[in-house]
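One structure is given below, encoded as structure tokens.
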Amino acid sequence: RRFQVVLRRLANANKVDWTQLAQDSGYYDQAHLIREFNHFTGFSPQKFLKNLEKGDDLYLFDSADQTHFHAAQRQSA
């Protein structure tokens, strides 16, 4: 659930404060968030965002939720 919160926030974020995102999403610290991010997606958070910026579609599946990311869905600031 905690990670799904992160993904939803990333879908609408233009600039990411990883420390604040980790804290707001219930992680112990930024390192904890990054470890889970790598585990669940296979990407570092930075690589994940770079793939979105290139226009790649990324699909992440969870038993209760399917999250689809596309650069066009991200809001610009």
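Some points to look at:
- Candidates in the range 49-69 are the residues that are open to solvent by 90 Å² or more (accessible area, probe 1.4 Å) and more than 14 Å from residue 4 (Cα to Cα); of these, the one that is modelled with the highest pLDDT is 50.
- Taking the criterion of being aromatic (Phe, Trp, Tyr) and part of a helix (DSSP H, G or I), the residues of the range 27-51 that qualify are 37, 40, 48.
- Selection within the range 15-48: residues that are surrounded by fewer than 17 Cβ atoms within 10 Å (Cβ to Cβ) and aliphatic (A, V, I, L, M). The member of this set that is farthest from the chain's Cα centre (by Cα) is 31.
The values are calculated or read from the model by the stated rules, or taken from the named source; none is laboratory data. All figures in this text were calculated on a predicted structure; none of them were measured in a lab. When we count neighbours, we look across all protein chains shown, and the Cβ atoms used for this are built from the backbone with ideal geometry, even at glycine. All accessible areas refer to the heavy atoms of the entire protein, side chains included, with ligands and DNA or RNA removed. Shrake-Rupley method; radii C 1.70, N 1.55, O 1.52, S 1.80 Å.
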